[in-house]
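**Student:** To start, I am sharing the structure in question, which I have written as structure tokens.
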Amino acid sequence: MTRLKVYHYAKCGTCRSAIKWLENAGHELDLIPIVDSPPSKQEILDLIAKSGLESKKFFNVSGEVYKELGLKDKLAQLDDNERAELLAANGKLIKRPVVTDGETVTLGFKPDAYEQSWGTKEAGK
């Protein structure tokens, strides 16, 4: 199957579930710790563009850092560049996992969405 880049947080149960799903589907994974090595501002802008999602969807709205910075009230006033700068500066702000093959990008883990984007072993036979 495909080689995927996965930005993840090892202590995150959602990330562990996503990684297990992708491995079971036969993908080779490059695991990147999102807190220690967050994507750069330019990488984030590329991920946003390829995902087709609004930049605000890339924020981990349930995270402590998001709440501490009061981003719920500030995010609407920021443009994509400012949002990407914030995300690149602190990996804990990024909704995870972020999975990409260089063309397709998914955020979080929903089996149905993964099925559609990343297929299964059976689809790869």
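Computed from the coordinates by the stated procedures, all read-outs in this text should not be read as laboratory data. Values in this document were obtained by computation on a predicted structure and should not be read as measured data. Note: ideal-geometry Cβ built from the backbone for every residue, glycine included; neighbour counts use all protein chains shown.
**Student:** Would you mention how many residues in the stretch 55-78 are among the small types (Gly, Ala, Ser) and in a helix (DSSP H, G or I)?
**Tutor:** Matching residues across the stretch 55-78 total 2.
**Student:** Of all the residues that make up the stretch 79-123, how many are polar (S, T, N, Q), touching a helix residue (DSSP H, G or I) at 6+ places or on another chain (Cβ under 9 Å) and part of a helix (DSSP H, G or I)?
**Tutor:** 1
**Student:** Can Ile32 be described as hydrophobic (A, V, I, L, M, F, W, C) and either crowded, with 21+ Cβ neighbours inside 10 Å or part of a helix (DSSP H, G or I) (or both)? Break it down stepwise before answering.
**Tutor:** Numbers: hydrophobic (A, V, I, L, M, F, W, C): yes; either crowded, with 21+ Cβ neighbours inside 10 Å or part of a helix (DSSP H, G or I) (or both): no.
When the stated conditions are applied, Ile32 does not pass them.
**Student:** Of the residues that sit in the stretch 35-55 and are aliphatic (A, V, I, L, M) and touching a residue at least 24 places away in the same chain (Cβ under 8 Å), which one is surrounded by the fewest Cβ atoms within 10 Å (Cβ to Cβ)?
**Tutor:** Leu53
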